[in-house]
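First comes the structure, then the notes that go with it.
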Amino acid sequence: MSNPAIEVQGLHYRYPDGQAALRGVSFLIQPGETVGLIGSNGAGKSTLLLHLNGVLLPSAGLVRVQGLPVEAAHLVAVRRQVGMVFQDPDDQLFMPTVQEDVAFGPINLGLPDGEVQARVAQALATVGACHLAARAPYRLSGGEKRSVALAGVLAMRPDVVVMDEPSAGLDPAARRRLIGRLAGFKLTQLIASHDLDLVQDLCSRVLVMREGLLEADGTPDAIFADAALLQRCHLEVPLSRSGHRLQMHMAV
């Protein structure tokens, strides 16, 4: 049997000021799953994501990716396995052109120039951004920046992609394009988002966090039908479900 793509056991994390951000989180994600991570602001979502490629290391507990412990001795190997798309794409875009930005990771893997260029071309094509290759990242729209940041991750050929609020700030057309692209990926994906309709559209499973704890783990249908859970976690039902419920209420 293959290892879980992501294994988190008893994960605790306390910030230097003493704040307990994670308080014993445990879950498994199997290869190929697309999982949503939801919760109100301050629930611990971003802190959890930063443990998956060693930006943060646990105060207690363990994290494994593809069976490899996320710890100092393995960080280079872990970061080849896990691609992280941060909430603010400006945190990832720093080269003079899009082409150079997407090539940065493969170059640092020591790949030959031909392989680097092939990966860049494929990654940009995957996110529909080939026409941006010569552009300066600072001249891109918010949606274009998100596409290029994702391309930079895909060029590394990771097994797992972790995304923090990938649809934040996108207009409706850019958001729909993003959902379509993510739906076509054959990678393991963990997507933290306040966009619950995106989570419902993309994910076969949802993890719900509250105050540093994993409050629930289930299918989107089960999670979003649990009114008490959503209220307890300060969440709303997805807009698409709200409309359906309103129609049912009006019919009654």
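The values are calculated or read from the model by the stated rules, or taken from the named source; none is laboratory data. All values derive from a computational prediction rather than experimental measurement. Note that we place each Cβ from the backbone using ideal geometry, even for glycine, and neighbour counts take in every protein chain shown.
Is it fair to say residue 235 is in a loop (DSSP other than H, G, I, E, B), under 30 Å from residue 18 (Cα atoms) and over 18 Å from the mean Cα position of the chain (by Cα)? Steps first, answer last, please.
Working: in a loop (DSSP other than H, G, I, E, B): yes; under 30 Å from residue 18 (Cα atoms): yes; over 18 Å from the mean Cα position of the chain (by Cα): yes.
So residue 235 fits the description; yes.
Does at least one position in the stretch 64-76 carry a residue that is under 20 Å from the mean Cα position of the chain (by Cα), surrounded by fewer than 18 Cβ atoms within 10 Å (Cβ to Cβ), touching a residue at least 12 places away in the same chain (Cβ under 8 Å) and farther than 30 Å from residue 26 by Cβ?
Checking the stretch 64-76: not a single residue is under 20 Å from the mean Cα position of the chain (by Cα), surrounded by fewer than 18 Cβ atoms within 10 Å (Cβ to Cβ), touching a residue at least 12 places away in the same chain (Cβ under 8 Å) and farther than 30 Å from residue 26 by Cβ.
Looking only at the stretch 3-19, decide whether some residue is touching a residue at least 24 places away in the same chain (Cβ under 8 Å), part of a helix (DSSP H, G or I) and surrounded by 22 or more Cβ atoms within 10 Å (Cβ to Cβ).
no
I'd like the full set of residues that are closer than 20 Å to residue 140 by Cα, small (Gly, Ala, Ser) and not in a loop (DSSP other than H, G, I, E, B), limited to the stretch 154-190.
173, 174
Return the residues of the stretch 171-193 that are aliphatic (A, V, I, L, M) and surrounded by 21 or more Cβ atoms within 10 Å (Cβ to Cβ); say none if nothing qualifies.
Here is the first cut: in the stretch 171-193, the ones aliphatic (A, V, I, L, M) are 173-174, 178-179, 182-183, 187, 190-192.
Those that are aliphatic (A, V, I, L, M) and surrounded by 21 or more Cβ atoms within 10 Å (Cβ to Cβ): 178, 182, 190, 191, 192.
Considering every residue within the stretch 214-222, establish whether at least one is in contact with a helix residue (DSSP H, G or I) (Cβ under 6 Å, 6 or more places away or on another chain) and at pLDDT 95 or above. Don't jump to the end; show me each part of the working.
Looking only at the stretch 214-222, we keep the residues that are in contact with a helix residue (DSSP H, G or I) (Cβ under 6 Å, 6 or more places away or on another chain), and these are 216, 220.
If we keep only those that are at pLDDT 95 or above too, we end up with 216, 220.
Taking every residue of the stretch 214-222 in turn, at least one turns out to be in contact with a helix residue (DSSP H, G or I) (Cβ under 6 Å, 6 or more places away or on another chain) and at pLDDT 95 or above.
Just one of 115, 144 is among the acidic types (Asp, Glu) and either surrounded by 15 or more Cβ atoms within 10 Å (Cβ to Cβ) or assigned to a loop (DSSP other than H, G, I, E, B) (or both); which is it?
Values: 115 fails: either surrounded by 15 or more Cβ atoms within 10 Å (Cβ to Cβ) or assigned to a loop (DSSP other than H, G, I, E, B) (or both).
The unique qualifying residue is 144.
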